[in-house]
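Encoded as structure tokens, the structure appears first; notes follow it.
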Amino acid sequence: MRIHIATDHAGLEFSTQLQEHLRSLGHDVVDHGPVEYDAVDDYPAFCIRAAQAVVADQAAGVEALGVVFGGSGNGEQMAANKVHGIRAALVWNLSTAELAREHNDANVISIGARQHTFEEVVTFIERFIATPFSGDERHVRRIGQIADFERDGSLLPDPRA
């Protein structure tokens, strides 16, 4: 599996450790984050590039996922989700890591590096990678609705109208 990683300064140490760990498990890891610590760097471009690479790989038939980090993971998730075709989920425990894949077919997860230990982060990412999308009709339908809105702004009729 190819794993695209991006972070800002808050997740740089996590990212470096995680890349080593994932490579030791046989994953092809591509780093899109900063090359050195800069306390005032900006995460959006790093996370967007990682998300773009996930979409490009998946379109080319390459099995790929993404992991983005920051202090809370919130802004990084928002940045990644601006890329057409990305479904980035904020993950804070094993359940959210699993459900992101199983129900939402998330292709990127975002994690707050200041919120968790390295050991916790590793378990979240390993669970995310190992969990397949369920393919259940209701989940496929819902993902399709999100994609429809992203493509052309269409929504299901408002039941209150």
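So the values come out like this:
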| item | result |
| --- | --- |
| Positive-end extreme of charge dipole, the chain - chosen from Gln115, Ile48, Thr131 (charges on Cβ) | Thr131 |
| Helix axis angle, 137-152 relative to the chain longest principal axis, alpha carbon, degrees | 90 |
| Unit charges on C-beta of K, R, D, E only; dipole of segment 1-73, Debye | 260 |
| Spin-label pair Arg2/Ser95, simplified geometry with 7 Å Cα→Cβ offset, distance in nm | 3.5 |
| Between helix 118-130 and the chain: long-axis angle, C-alpha atoms, 0 to 90°, nearest 10 | 40 |
| Selection of trypsin sites (Lys or Arg not before Pro), segment 76-161, meeting DSSP coil and at most 10 other Cβ within 10 Å | Arg160 |
| Inter-site label distance for Ile143 and Leu155 at 7 Å from Cα along Cβ, in nm | 2.3 |
| Descending semi-axes in Å of segment 1-88, equivalent ellipsoid built from Cα gyration tensor | 19, 17, 9 |
| Projected area, mean over directions - the chain, Cα convex hull, nm² | 10.2 |
| Scattering curve values for segment 117-161, log₁₀ I(q)/I(0), Debye with Cα scatterers, q = 0.17, 0.30, 0.33 Å⁻¹ | -0.70, -0.99, -1.04 |
| Semi-axis lengths, Å, segment 52-140, gyration tensor of Cα atoms, sqrt of 5 times eigenvalues | 20, 16, 12 |
| Cα lying deepest toward the dipole's positive end in segment 41-139, options Ala79, Gln58, Ala89, charges on Cβ | Ala79 |
| Angle between the chain longest axis and helix 44-59 axis [Cα atoms, degrees, rounded to 10] | 60 |
| Amide proton proximity set for Arg87, modelled H, under 5 Å, gap of 5+ | Asn107, Val108 |
| Net lengthening on full extension, Lys82/Val40 (0.36 nm per residue, minus Cα-Cα) | 12.9 nm |
| Net lengthening on full extension, Glu63/Phe118 (0.36 nm per residue, minus Cα-Cα) | 17.3 nm |
| Most mobile listed residue (Gly71, Gly26, Gly85) in the chain, GNM with C-alpha springs under 10 Å | Gly26 |
| Dipole moment magnitude, nearest 20 debye, segment 93-152 about Cα centre, only Lys, Arg, Asp, Glu C-beta charged | 80 |
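We did not get these values from a lab; they are worked out from the coordinates using the rules stated. What you are looking at is a predicted structure, and each value in this text was computed from that prediction instead of being measured. Neighbour counts run over all protein chains shown; Cβ positions are idealised from the backbone, glycine included.
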